[in-house]
Amino acid sequence: MAHSLAMSYAQMGVKRTLLTLVQVNQKHGFDCPGCAWPEGRHRSPAEFCENGAKAVAEEATLRRVTRDFFAEHSVTELAGRSDYWLGQQGRLTEPMYKPSGSDHYEPVAWDEAFSIIARELRALESPDEALFYTSGRTSNEAAFLYQLMVRRFGTNNLPDCSNMCHESSGSALTQTLGIGKGTVSLDDLYKADLIFVVGQNPGTNHPRMLSALEKAKGNGARIVAVNPLPEAGLMRFKNPQKASGVAGRGTKLADRFLQIRLNGDMALFQALSKLMLEAEDADPGSVIDHEFVETHTHGFHDFEKNVRELEWEDVEEATGLPRAAVEETVQDVLGAKSVIVCWAMGLTQHKNSVATIREVVNFLLLRGNVGRPGAGVCPVRGHSNVQGDRTMGIYEKPSAAFLDALRDEFGFEPPRRHGADAVESIRALRDGQAKVFIAMGGNFVSATPDTAVTEAAMRQARLTVQVSTKLNRSHAVAGEQALILPTLGRTEKDGDRFVTVEDSMGMVHASRGRLAPASPDLLSEVAIVSRLAMRLFDQDGVAGIPWERFEADHDAIRDRIERVVPGFDDFNARVREPGGFTLPNAPRDERRFPTDTGKANFTANALDVLRLAPGRLLLQTVRSHDQYNTTIYGMDDRYRGVHNGRRVVFVNPGDLAERGIADGELVDLVSEWPDGERTAEAFRVIAYSTARGCCAAYFPETNVLVPLDSTADTSNTPTSKSVVVRLERHVAAGGAG
Ligand code: SF4
């Protein structure tokens with residue numbers, strides 16, 4: 001906690017830090033703008049983690065970026081700055097405009113800003129020439145109005161940060177269980193006998209999940225951690241809110257650590273299912289939940305045939321694990337009545353991610369581990385409201401039912417043609433098919449793959465618009481014209497209005513800003529969308545949609561959400577209950593699976609072992625502990641022993657020895673793809689106990705290595721967790737190594 005307080009004092013000072021942090025995640029306070037881990041019913045006085053405190057401090061900082069800053073710093077100069085430096089400059093204070101041909105942002109009035117955007121949008125030959133991106137911090141109310149405006153304008157081009165993170169989860173779960181979300185609650189975690197934590201580093205990315213795992217362990221649960229990296233938070237948790245955590249050794253978390261090879265997870269879950277079927281053969285009726293399989297599932301026999309044919313050589317090669325380790329793990333499974341599998345990007349950012357997650361579902365369905373206490377799937381979302389945004393309609397592939405409801409409620413025919421996701425948006429900008437890019441939050445150019453291609457594409461746009469709280473790289477990599485629209489943060493008051501968010505477990509609750517806005521010239525996200533819509537649609541009358549009322553009264557927005565989005569009955573009343581309410585979830589609540597078969601679907605997935613050419617390694621891009629998505633809080637990664645540096649690559653000592661490369665040497669990372677090679681220069685090698693053949697380095701620095709066309713099947717998510725690279729000694733300009 002000392003680290004986060006030190007950072008908070010540096011940004012906010014002592015008094016503001018203490019007054020602000022006591023409001024985080026409280027029932028009448030504001031929701032942490034960090035990750036989407038849920039709060040329990042009981043709230044402790046310090047209901048935040050280290051990284052939550054950092055996220056709040058970054059937003060509630062007293063540092064300001066004023067018009068003088070932009071007069072001093074050209075866009076070209078800002079593009080040469082690091083994401084860390086840009087973020088440390090502070091909060092944006094007024095709208096800024098970069099005219100065509102200029103290299104500087106200059107102040108612009110809000111009214112003029114909306115006119116510029118409306119003029120450029122109307123000048124397009126088709127609404128599909130515009131892209132409307134959403135970052136997962138956007139509130140439900142702003143997200144609902146944003147998609148309404150975009151569809152009223154005539155396009156479904158609504159890419160969002162989900163496209164880069166849990167899209168593979170949504171695709172696989174919708175196909176197999178009929179809902180694109182997790183099916184467990186916090187209480188289920190406390191009731192589980194066995195919890196798998198796969199491809200996830202909760203210690204950094206969802207820190208308060210460690211408290212939940214500690215509580216589950218206290219209730220007798222066993223934990224299996226599956227990860228190429230021995231992440232500290234998975235091994236032992238020193239709970240800062242407990243004496244044993246502050247003074248003692250803390251709680252051992254993982255009972256079993258499977259140091260799996262990148263992309264080995266599909267083979268692991270297929271092998272576990274294979275062993276369970278064989279255990280059933282040996283003792284019929286002792287393993288498989290036949291009643292559940294016969295009553296609630298479809299496709300068992302194709303699945304069974306597929307995993308029975310699995311070859312152990314392929315399993316061992318794909319996982320990098322000895323057969324014995326998998327056989328020991330299946331004993332944990334057979335000894336557990338209720339099993340939960342949690343995961344994050346380590347599962348979702350591979351070419352075969354959707355199939356891998358389908359295998360996780362197969363594994364759980366065998367013993368009916370869905371839709372009963374202590375059992376189910378738990379994709380842990382990154383951004384605080386990324387799940388809520390999708391629920392509100394932020395999706396380039398909306399369902400017909402959602403569009404029908406929108407039509408019936410607002411009296412216009414929404415576009416039916418699916419829009420562009422994040423990767424398709426970059427292609428559209430690159431190929432000149434898209435000319436206007438508008439982002440509701442986020443840092444698109446740093447969050448996306450193939451940095452050189454993405455940045456060149458963004459600079460081709462006729463207009464880029466960033467709705468932001470702080471400076472970031474997407475302001476420096478701008479279109480011909482560019483606008484920065486500074487918005488209120490989650491911590492800040494917006495009159496007496498409140499917004500709502502949905503966490504990773506489907507709980508919807510209120511968030512009330514408590515701090516005075518960083519500047520009198522900020523507008524809320526809702527106000528920005530409403531006023532832009534009024535300017536955009538003023539010629540064809542806005543009678544059907546009361547944008548002005550929506551800005552003033554968010555209850556009016558929630559009344560419409562209630563009528564368009566299932567599960568929000570009595571929204572305004574229920575969300576005022578302390579802690580809010582939980583959205584319905586058919587698989588969890590009723591063991592009902594609204595899939596194409598009306599049942600939970602077993603699937604048969606072909607295992608494709610990732611084999612590399614000699615001398616190559618598999619790279620995964622990761623966050624440091626002082627980072628949240630593309631926001632860099634600091635230059636340390638103390639859980640991995642890194643201080644004051646980010647251009648580092650973690651490599652197994654055995655792989656270094658094979659290549660004759662020493663710990664501490666400078667190397668270039670070179671990725672190979674049919675369209676050529678991509679290089680990230682001058683990374684310091686850190687000998688680190690990664691899985692053999694696998695290495696790791698931070699994003700956004702290594703996003704340049706991820707080819708735009710290297711995406712997951714079905715979900716089109718960039719494959720940032722399995723990039724084929726080679727290490728080359730770095731030769732500095734002028735010849736010295
Ligand atoms: S666990 Fe996530 S939501 Fe909770 S305080 Fe930490 S960063 Fe914020």
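The values are calculated or read from the model by the stated rules, or taken from the named source; none is laboratory data. Predicted model only: the values in this text are computed from it and were never measured. Ideal geometry is used to build each Cβ from the backbone, glycine not excepted, and the neighbour counts take in all protein chains shown. Surface accessibility is based on the protein's heavy atoms, side chains included, excluding ligands, DNA and RNA. Shrake-Rupley method; radii C 1.70, N 1.55, O 1.52, S 1.80 Å.
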| note | The correct count of residues that are open to solvent by less than 50 Å² (accessible area, probe 1.4 Å) and under 26 Å from the mean Cα position of the chain (by Cα) in the stretch 608-622 is 6
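Touching a residue at least 40 places away in the same chain (Cβ under 8 Å) and acidic (Asp, Glu): which single residue out of ASP503, ASP569 fits that description? Let's see the steps before the verdict.
Working: ASP569 fails: touching a residue at least 40 places away in the same chain (Cβ under 8 Å).
It is ASP503.
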| query | Are any of the residues in the stretch 118-136 within 16 Å of the ligand (Cβ to nearest atom), under 22 Å from the mean Cα position of the chain (by Cα) and buried (at least 18 other Cβ atoms within 10 Å of the Cβ)? | reply | yes
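Quick grid of which residues meet (1) within 18 Å of GLN627 (Cβ to Cβ); (2) surrounded by 20 or more Cβ atoms within 10 Å (Cβ to Cβ); (3) aromatic (Phe, Trp, Tyr):
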residue: GLY199; (1), (2), (3): yes, yes, no
residue: THR204; (1), (2), (3): yes, yes, no
residue: PRO207; (1), (2), (3): yes, yes, no
residue: SER211; (1), (2), (3): no, yes, no
residue: GLY218; (1), (2), (3): no, no, no
residue: ALA221; (1), (2), (3): no, yes, no
residue: ASN227; (1), (2), (3): yes, yes, no
residue: GLU231; (1), (2), (3): yes, yes, no
residue: MET235; (1), (2), (3): no, no, no
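Every residue, every condition in (1) within 16 Å of the ligand (Cβ to nearest atom); (2) of a type in the set (A, V, I, L, M); (3) closer than 30 Å to SER135 by Cβ; (4) touching a residue at least 60 places away in the same chain (Cβ under 8 Å), yes or no:
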{"position": "TYR628", "(1), (2), (3), (4)": "yes, no, yes, yes"}
{"position": "TYR639", "(1), (2), (3), (4)": "yes, no, yes, yes"}
{"position": "GLY645", "(1), (2), (3), (4)": "no, no, yes, no"}
{"position": "VAL651", "(1), (2), (3), (4)": "no, yes, no, yes"}
{"position": "TRP673", "(1), (2), (3), (4)": "no, no, yes, no"}
{"position": "GLU681", "(1), (2), (3), (4)": "no, no, yes, no"}
{"position": "ILE686", "(1), (2), (3), (4)": "no, yes, no, no"}
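Evaluate the following for HIS42: is it away from the ligand (no atom under 11 Å from the Cβ), in a helix (DSSP H, G or I), more than 24 Å from VAL467 (Cα to Cα) and open to solvent by 20 Å² or more (accessible area, probe 1.4 Å)? Walk me through how you get there before you give the answer.
Values: away from the ligand (no atom under 11 Å from the Cβ): yes; in a helix (DSSP H, G or I): no; more than 24 Å from VAL467 (Cα to Cα): yes; open to solvent by 20 Å² or more (accessible area, probe 1.4 Å): yes.
Answer is no for this residue.
Table: residues versus (1) among the small types (Gly, Ala, Ser); (2) assigned by TED's automatic domain parsing to the domain that holds ILE357; (3) at pLDDT below 95; (4) not in a helix (DSSP H, G or I).
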position: SER171; (1), (2), (3), (4): yes, yes, no, no
position: VAL184; (1), (2), (3), (4): no, yes, no, yes
position: ASP188; (1), (2), (3), (4): no, yes, no, no
position: GLN200; (1), (2), (3), (4): no, yes, no, yes
| query | In the stretch 47-78, how many residues are in contact with a Pro (Cβ under 8 Å, 6 or more places away or on another chain) and within 16 Å of the ligand (Cβ to nearest atom)? | reply | 7
| message | Take the conditions surrounded by fewer than 20 Cβ atoms within 10 Å (Cβ to Cβ), part of a helix (DSSP H, G or I) and hydrophobic (A, V, I, L, M, F, W, C) and apply them to PHE292. Does it pass? | response | yes
| field | Pair list, Cβ under 6 Å, 6 or more apart: the stretch 273-297 residue of a type in the set (D, E, K, R), other residue outside any loop (DSSP other than H, G, I, E, B) and open to solvent by less than 70 Å² (accessible area, probe 1.4 Å) | value | LYS274/VAL307
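Given the stretch 313-424, what helices (runs of 4 or more DSSP H) lie entirely inside it while holding 3 or more residues that are away from the ligand (no atom under 16 Å from the Cβ), open to solvent by 10 Å² or more (accessible area, probe 1.4 Å) and not charged (D, E, K, R)? Quick ask: steps written out before the conclusion?
Values: elements: 323-334, 345-348, 353-365, 386-391, 400-410.
In the stretch 313-424, the matching helices (runs of 4 or more DSSP H) lie at 323-334, 400-410.
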| request: Quick one: in the stretch 1-20, of everything that is of a type outside the set (A, V, I, L, M, F, W, C) and surrounded by fewer than 17 Cβ atoms within 10 Å (Cβ to Cβ), which residue is farthest from GLY634 (Cα to Cα)? | output: LYS15
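Here is a yes/no grid of residues against (1) surrounded by fewer than 15 Cβ atoms within 10 Å (Cβ to Cβ); (2) more than 16 Å from the ligand (Cβ to nearest atom); (3) of a type in the set (Gly, Ala, Ser):
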| residue | (1), (2), (3) |
| --- | --- |
| VAL22 | yes, no, no |
| GLY80 | yes, yes, yes |
| ARG91 | no, yes, no |
| MET96 | no, yes, no |
| remark: Exactly one of GLY233, GLY285, GLY299, GLY218 is of a type in the set (Gly, Ala, Ser) and within 16 Å of the ligand (Cβ to nearest atom), and that one is GLY233
